[in-house]
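> So that we are looking at the same thing, I have put the structure below in structure tokens.
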């Protein structure tokens, strides 16, 4: 049986590390303290991410050079995750990146934008690491094909995340019921990659649609490179939500209607049945 507090939470650092190792470590620390189970970074180089044509004509894309994470940080970040007792995950955006992260990661994440790239799917699958794959912009045929490629090339554990690739994603675009559709079709663990930054959305994805994993973009202080896009969470809000989810069974209780221990003293101050005044007569003196 599925219980809501079995959901695993992924802290997506994305580029909010600002290419600073000290800030990256702080993001791992705050993610662990907020209750996340997995911390995820992205490893990309813009000249391997965008075509030459788009880099020539788009300053916006060219300026993302500063968003890159240094390859040499990977073993440092892995060590920090181990120290903080959270799992380490990286999204590789170029083929060589798979070789760089392989010795260090607990999970490999395939981004929505790479779901069609067979060579990357194959290389990630052959690591035999657990694979998390986001499905923003994808139709069911594309998702099924990606899963088929992963399985054929050795992936043993595959986690699918329903995702909407808008930043931020508005409510009418979320289609949370697709979580269940994906689960029925693939027979795999399915979760939710959140770009809404809304607590009630995440809670509904878990409580109603049984998302087994939830990915949330995390920033430290509102100064991360991606924060202004509007899809990122700050630690306090994320921690509040995760703590509530993980205590969900506690909140539900046993269903019996009777006063709890904390209420017993308050019972004295109910209206007395004789005169309607508080407290009950025998406690008035």
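For every residue, the table says whether it meets (1) part of a loop (DSSP other than H, G, I, E, B); (2) over 19 Å from residue 207 (Cα atoms).
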{"position": "147", "(1), (2)": "no, yes"}
{"position": "150", "(1), (2)": "no, yes"}
{"position": "156", "(1), (2)": "yes, yes"}
{"position": "165", "(1), (2)": "yes, yes"}
{"position": "168", "(1), (2)": "yes, yes"}
{"position": "182", "(1), (2)": "no, no"}
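> Right, next: What residue, among those in the range 74-92 that are under 15 Å from residue 30 (Cβ atoms) and surrounded by fewer than 18 Cβ atoms within 10 Å (Cβ to Cβ), is farthest from the chain's Cα centre (by Cα)? Step through it out loud before you land on a result.
Within the range 74-92, the first condition is being under 15 Å from residue 30 (Cβ atoms), and the residues that meet it are 77, 80-81, 83-86.
Still in the list and also surrounded by fewer than 18 Cβ atoms within 10 Å (Cβ to Cβ): 83-85.
On the way: 83: 20, 84: 17, 85: 17 Å.
For the range 74-92, the residue satisfying everything is 83.
> Scan 171, 220 and give me the residue that is over 13 Å from the mean Cα position of the chain (by Cα), surrounded by 16 or more Cβ atoms within 10 Å (Cβ to Cβ) and modelled with pLDDT of 95 or more. If you could, list the steps in order and put the result at the bottom.
Values: 171 fails: surrounded by 16 or more Cβ atoms within 10 Å (Cβ to Cβ).
After ruling out the rest, the residue left standing is 220.
> Which condition number does residue 244 fail, the rest of (1) out of contact with any helix residue (DSSP H, G or I) (no Cβ under 7 Å at 6 or more places or on another chain); (2) more than 27 Å from residue 110 (Cβ to Cβ); (3) in the same structural domain as residue 134 (by TED's automatic domain parsing); (4) modelled with pLDDT of 95 or more being met?
(4)
> Here is a list of conditions, (1) modelled with pLDDT of 95 or more; (2) closer than 27 Å to residue 244 by Cβ, and residue 5 meets all of them except one; can you say which number that is?
It is condition (1) that residue 5 fails.
> Just one of (1) without any contact (Cβ under 8 Å) to a residue 60 or more places away in the chain; (2) closer than 30 Å to residue 187 by Cβ trips up residue 255, so point out which.
(2)
> For residues that are within 19 Å of residue 102 (Cβ to Cβ) and more than 20 Å from the chain's Cα centre (by Cα), scanning just the range 59-73, find the one that is surrounded by the most Cβ atoms within 10 Å (Cβ to Cβ).
Step one: of the range 59-73, the residues within 19 Å of residue 102 (Cβ to Cβ) are 69-73.
Then drop every residue that is not more than 20 Å from the chain's Cα centre (by Cα), which leaves 70-73.
On the way: 70: 13, 71: 13, 72: 9, 73: 18.
Here the residue is 73.
> Which residue out of 60, 65 is modelled with pLDDT under 95 and under 25 Å from residue 216 (Cβ atoms)?
Details: 65 fails: under 25 Å from residue 216 (Cβ atoms).
Answer to the check: 60.
> Scan the range 203-210 and give yes if some residue there is in a loop (DSSP other than H, G, I, E, B), in the same structural domain as residue 107 (by TED's automatic domain parsing), surrounded by fewer than 17 Cβ atoms within 10 Å (Cβ to Cβ) and touching a residue at least 12 places away in the same chain (Cβ under 8 Å), otherwise no. Explain how you work it out, then say what you get.
Just the residues of the range 203-210 that are in a loop (DSSP other than H, G, I, E, B), to begin with: 208-210.
After this cut, where a residue has to be in the same structural domain as residue 107 (by TED's automatic domain parsing) as well, the list is 208-210.
Narrowing further to those that are surrounded by fewer than 17 Cβ atoms within 10 Å (Cβ to Cβ): 208.
Subset that is touching a residue at least 12 places away in the same chain (Cβ under 8 Å): 208.
Yes, the range 203-210 contains a residue that is in a loop (DSSP other than H, G, I, E, B), in the same structural domain as residue 107 (by TED's automatic domain parsing), surrounded by fewer than 17 Cβ atoms within 10 Å (Cβ to Cβ) and touching a residue at least 12 places away in the same chain (Cβ under 8 Å).
Results for (1) under 26 Å from residue 213 (Cβ atoms); (2) in contact (Cβ under 8 Å) with a residue 60 or more places away in the chain, shown as yes or no for each residue.
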position: 52; (1), (2): no, no
position: 72; (1), (2): no, no
position: 89; (1), (2): yes, yes
position: 98; (1), (2): yes, no
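The values are calculated or read from the model by the stated rules, or taken from the named source; none is laboratory data. Every value quoted in this text rests on a predicted model; they were computed, and no experiment measured them. Note: ideal-geometry Cβ built from the backbone for every residue, glycine included; neighbour counts use all protein chains shown.
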